[in-house]
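None of the figures in this text is laboratory data; all of them are computed from the coordinates on show. In this text, all values refer to a predicted model and were calculated from it rather than measured experimentally. Don't worry about glycine lacking a Cβ; one is built from the backbone with ideal geometry, like all the others, and counts go over all protein chains shown.
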Amino acid sequence: MEVRKRFSHSEKSGYSIATHTPAYPPQSEASKRQRALKTATQLASPALVTTLAYFAYRVWCGLPHSGSPNVSLAGDAWVRWMFLGVEMGFSLSNTLKYLVVSRARDRLLWRTPLRLQQDKVPTVDVLLPCCGENLDVISDTIKACVVSDYPPDRFRVFVLDDGNSTQIERLVEEIRGWASKLWPVEILYAARQKKTQWLKAANLNFGLELARRSAQGPGEFVAVLDIDMIPEPAWLRALVPHMLQDDRLGLVSSPQRFYNIPKGSNVITHIDEYMDLFAIVQDSLQSAYCTGSGFLARRAALDSLDGFPTESIQDDILVSLHLRAKEWKVTFVQEDQQYGQRPATLGSFTKQWVRWMAGALDMVLVLRSPHLQSLPSEQRRTGSALVFTVFLSTITVALSMVGLLLTLLISGNHSFIFYNSPNELRNVLGLACLARATGFLFDFFISKSTGFRVGWVPLSDVWLLPYRIQGLMVASLRRLGVPERFVAAGAQLNEANPRGEPLVKRLKMVLWDSYAIIHLVYFVSLVGGLWNALPGPVTAWSLLSVVKAIASPTPALMSSIMYPPFLQFLYICCTQSFVPIGYALNPDKVIDREALLFRDEDGVAHPTNEAKDLKRTAALLGSCGLFFVVLGWYGLAAVLLWLR
């Protein structure tokens, strides 16, 4: 049930606007999520401080200091320094996350959902770029746009076909006939005949030019929706009021949500951490970015840029930066107004990540563009930090995974950490336990703020590293003049699901075609390295001795294979390297698209409530069980060593 409250708007606009209470999530649930995110921002600083204190003490233990032997010059010191680098590399992304989130502690902003009332509304041009997607997907999105709760004479729908398909052209003609009897909205089909750029932004600029040259002229606002995204009926009435409140607001975005993610999947993950955390934090810091779909832009703001910038395939971030450089504002509204499809197979999902990473490296150079020199310094730093974090975390985690393997293979029975006395070892373990405890609480409340759609195991997407690195390589080669062409994300939905294929073919599709042979080699190497690091030959008696050692740990074991951070990173690397292998053995069950939709009396498709509500609590608890044991060992190890 909607709860609306009238409030006076500026006389300048003359529009009637009301606040709105969404039906989902319920108000009580939404309040809990907001409190959880607020708590997470307050925990970010303690997590950051304890993490930095832990590493500072680890470095201090490795340096010569009064009254202690110079362990930094011991024969195996380089192994200990290497493992310290491994720890720092694995912890970098979380440390940067603590830093970013802590900045929003006193500035956390939740924008009030609004609704534009009555039929006096501004004009909107809806742009739907497409290129090779399935006809049924295209049809459902166009129809959902056509029946939007908005006066039909105040918006138009442009289907921009970069595939130049006669089938799509005929489909649009059929929908035009269907709409004329139901909701007489103007629907236009157009395809670029000469493509000098394969970018989505170039296609959108083609649509802007069509609107400008039309008899009615361009609309006051431009809405953009990916062709596989089904909008909610009130999406335009929800976004337009934010524009009417501020004449300098150039673009407003809404979250991207998905209805086809297999339940319990460890491969096809959400982007909810960005939508439910970083997008809100960035908006609170006045550095929001366009989410790429389901956004509304002011036509005058886009005209001031001469359309959507085309320097990078990362057009959503790029247009946000260019708008702010021209002193336009960009905001994010935390209200779900679109539901689409993620690539539902490992092959298609990893190809999307390659594209994203190639765009991220592009942004490193774009940020140095003369067009962005007028960007405010704080927003330039935020944009640089976003790109820098993605790039640096990819490289450091990759080096840390290699370093962890080398530590296992060459360390033998040597200690992984520096300590000069039992007291120093106790202090190291105590700080490690404190840093992980505060980090765990932070991760838990972040997960709670998303309705447990995001897990609380750190580095839960490490298995994507080879594809991230591939994206960086693709972008680097493009800068050297090597051409490439990415397939539209919606077109990747056409890839076959390997679930019904024979095991041998599945293994080929995953291990060879998707390069997961890298994961298999690394997983086998980790197991071999762990075997090498165990003290003495592995027998039933030696394993029993290890079990007994847990109850009475020695400093030698506690500083090597039983060191809690080592076990944590070993667990992450083993489970993450096995993700694509597990997918090959038992691929996700992809539910038929029609089973995830319901159709109203006019045949318009809408995602079911069950498909929208993809809580992953049960799956997360199952996959995190062993990790909780590792976390428990942090505290138990510290207590046992202090009692010695």
FRET efficiency, Arg248 to Leu99 (Cβ-Cβ, R0 30 Å, nearest 0.05) | 0.55
Residues whose built amide H sits under 5 Å from the amide H of Leu188, excluding neighbours closer than 5 in sequence, are Val157, Phe158, Val159
At R0 = 51 Å the Cβ-Cβ FRET efficiency linking Asn423 and Tyr24, nearest 0.05, sits at 0.40
Spin-label point model (7 Å from Cα, Cβ direction): what's the Phe444 to Ala56 distance in nm?
-> 2.6
With 0.36 nm assigned to each residue of separation and the Cα-Cα distance removed, Lys263 to Glu220 gains 11.4 nm
Once both labels are modelled 7 Å past Cα along the beta-carbon direction, what's the Glu327-Asp600 spacing in nm?
-> 4.3
Rounded, prolate or oblate (a/c below 1.5 giving rounded, otherwise prolate when a/b exceeds b/c) for region 140-207 by Cα gyration tensor | prolate
Take the Cα coordinates of region 91-137, assign each an equal point scatterer, and use the Debye formula without solvent to give log10 I(q)/I(0) at q = 0.15, 0.19, 0.25, 0.30 Å⁻¹.
-> -0.82, -0.79, -0.99, -1.16
Residue pairs, from the table Lys181/Lys612; Lys200/Lys351; Lys32/Lys612; Lys200/Lys329; Lys97/Lys589, whose Cα atoms sit over 25 Å apart = Lys181/Lys612; Lys97/Lys589
HN-Hα J in Hz across region 122-128 - Karplus 6.51, -1.76, 1.60, θ = phi - 60°, x for Gly and Pro = x, 7, 9, 9, 9, 9, 10
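Rule-of-thumb check for region 102-255: C-alpha Rg over 2.2 N^0.38 Å?
Numbers: Rg = 16.5 Å, N = 154, 2.2 N^0.38 = 14.9 Å.
With N residues counted in region 102-255, Rg over 2.2 N^0.38 Å equals 1.11.
Taking R0 as 56 Å, what's the FRET efficiency between Ser525 and Glu169 from their Cβ-Cβ distance, rounded to 0.05?
Details: r = 53 Å, r/R0 = 0.95.
E(calc), rounded to 0.05, equals 0.55.
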Please give the contour-minus-distance gain from Gln193 to Leu406: 0.36 nm per residue of separation, less the Cα-Cα distance, rounded to one decimal in nm.
-> 71.2 nm
Report the full-extension gain for the segment Lys32 to Glu209: residue separation times 0.36 nm, less the Cα-Cα distance, to one decimal in nm.
-> 59.2 nm
Ratio to report: Rg/Rh of region 64-185, with Cα atoms as the point set and Rh obtained by the Kirkwood method; give two decimals.
-> 1.42
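Provide the packing ranking of 252-258, 603-609, 204-210, 41-47, i.e. peptides ordered by the mean count of other C-beta atoms within 10 Å per residue, highest first.
On the way: 252-258: 24.4, 603-609: 16.6, 204-210: 19.9, 41-47: 21.4.
Sorting 252-258, 603-609, 204-210, 41-47 by mean packing, highest first, produces 252-258, 41-47, 204-210, 603-609.
Arranged from highest to lowest average of other beta-carbon atoms within 10 Å per residue, in what order do the peptides 347-358, 422-433 appear? All intermediate terms of the calculation are to be shown ahead of the outcome.
Details: 347-358: 21.0, 422-433: 19.2.
Result, highest mean Cβ count within 10 Å first: 347-358, 422-433.
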Describe numerically, in nm with one decimal, the distance between label points set 7 Å from Cα along Cα→Cβ at Gln117 and at Val639.
-> 6.0
